[in-house]
Amino acid sequence: MVKTFGDDPPSADARAPDGREPEAPGRDHDVATATDPAAADSHLPRRKRKRRRRRRRSVYASAEPRPADNQNGAASESQPAEPQPLPTPVAIPDRPVRRNFYGALDLGTNNCRLLVAVPRERGFRVVDAFSRIVRLGEGIGRTGRLGDAAMDRAIDALKVCASKLAHRDVTRARLIATEACRVADNGDVFVEAVARETGLKLEVVSQETEARLAVAGCASLIDPRASGVILFDIGGGSSELVWIDLTTPGSGRRMSDRIGAWKSLPLGVVNLSEHHGGHHISSSMFEAMVAEVAELLDDFPHVDAVDRAVANGSVHMLGTSGTVTTLAGVHLGLPRYDRRRVDGTWLSGERVAELVADFAAMDYEERVANPCIGRERADLVIAGCAILEAFRRRWPVDRLRVADRGLREGLLVEMMAEDGAWRPRSRRRRSDNGNG
């Protein structure tokens, strides 16, 4: 029910470069927040609503009530009818009442993604979206700098995002950049170039903020019956790993208040594949990638407590990344990636092991030919599988839930919560007037 991994809308590109379904601005979808996991009821299609408005009669307001009718439908004869003032028409606006549009942009090491949404009951409705693979962090592991070609690709994508934000007249937006801009020597230069060429002011967020936003964006997919959740976000230049302790009572309404430990690993699908290779990967190369990630897990905060919780059962994993959504798409046998079917999918531990083994056994051309992988991800997906395999070997849980959502959704949830978008209207008006 949320995040997508496509490219431009069909008007720009008929098919996303990674072979997945483009995010089209005309395809709205609802998102439930952590405060209400259930999605809101669907509304009538936009075309039908407009047609119904056109059929309505004019609305009038009269200073005096109309004379009462008798049972026969005629006016009462006890008193002569007095002339009534002409009704005053109430203007019906041609356009609906203006809504507050929120924008959330996530510029990562590999992808540039945007969501535009409006608050709706206990969640929000996505009205526009954009996602494009830009590989901003390409080569950064060797040079320590963002390359000119990579910056040009990112700025081209950000220009599209800027036009979408302007078209929707977004009232509040948060535009973040993550690992590539954090570690690059010329990250500040790139941020200045973005502001100069697109008008967008990027906020380079910390690793801790990135982990918190991932939790906020995926919270409604957490099984409340679990004792704990290991949430991970496998990125391009880093991977966020979060332990969510559900056994601590009274730790707050927000799921992010239940974060027991977190760690940002300096490995993602881009830098790991650049180090070990992404096209032709032998079984020994795959095991070397797994071992490199596994070594970093020994330093995870409170790792012994997490180990014990996993051993006791009732812990599940929650993954938000292109790696796990690709695995789910193949598991479902999709002829083309479909986020509506992937988001929220449960995979057993045994099935995840089978899928990872199948992917590792594919050669490069087989990965390119797979409709849920495609050429844009064919050299990255094995590195993502190695990172996931390292997590699973350390914490062999029986269930993994797939989230096609993440930082953008977390940004929207936090902004709308701060603005009181989900408070009852009467309370919101009192608060705005200083009485609340």
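The values are calculated or read from the model by the stated rules, or taken from the named source; none is laboratory data. None of the values given here were measured: they were computed from a predicted structure. Counting neighbours? That spans all protein chains shown, and the Cβs are built from the backbone with ideal geometry, glycine included.
Of note:
- If the condition is being exposed (fewer than 14 other Cβ atoms within 10 Å of the Cβ) and either modelled with pLDDT of 90 or more or part of a loop (DSSP other than H, G, I, E, B) (or both), then the stretch 242-265 contributes 247, 248, 249, 250, 252, 253.
- Here the stretch 135-151 is the region considered, the condition is being assigned to a helix (DSSP H, G or I) and hydrophobic (A, V, I, L, M, F, W, C), and the residue that is nearest to residue 188 (Cα to Cα) is 151.
- Of everything in the stretch 214-223 that is farther than 23 Å from residue 389 by Cβ and of a type outside the set (A, V, I, L, M), the residue that is surrounded by the most Cβ atoms within 10 Å (Cβ to Cβ) is 217.
- The residues listed here are 139, 144, 187; of these, the one that is closer than 30 Å to residue 381 by Cβ, surrounded by 15 or more Cβ atoms within 10 Å (Cβ to Cβ) and out of contact with any strand residue (DSSP E or B) (no Cβ under 8 Å at 6 or more places or on another chain) is 139.
- All of (1) assigned to a helix (DSSP H, G or I); (2) touching a residue at least 12 places away in the same chain (Cβ under 8 Å); (3) of a type in the set (Gly, Ala, Ser) hold for residue 357 with one exception: (2).
- The listed residues are 200, 213, and the only one of them that is among the aliphatic types (A, V, I, L, M) and in a loop (DSSP other than H, G, I, E, B) turns out to be 200.
- Residue in the stretch 332-354 that is more than 24 Å from residue 226 (Cβ to Cβ) and of a type in the set (S, T, N, Q) present: no
- Residues of the stretch 225-241 satisfying the condition of being within 16 Å of residue 377 (Cα to Cα) and among the β-branched types (Val, Ile, Thr): 234
- Residues of the stretch 133-189 that are free of Cβ contacts under 8 Å to residues at least 60 places away in the same chain and among the basic types (Lys, Arg): 145, 153, 159, 182.
- Residue 226 outside the structural domain of residue 110 (by TED's automatic domain parsing), surrounded by 15 or more Cβ atoms within 10 Å (Cβ to Cβ) and part of a loop (DSSP other than H, G, I, E, B): yes
- Residue within the stretch 152-165 that is over 23 Å from the mean Cα position of the chain (by Cα), farther than 30 Å from residue 219 by Cα, modelled with pLDDT of 95 or more and outside the structural domain of residue 273 (by TED's automatic domain parsing) present: yes
- Any hit, the stretch 317-337, residues being on the phi > 0 side of the Ramachandran plot, under 29 Å from the mean Cα position of the chain (by Cα) and surrounded by fewer than 16 Cβ atoms within 10 Å (Cβ to Cβ): yes
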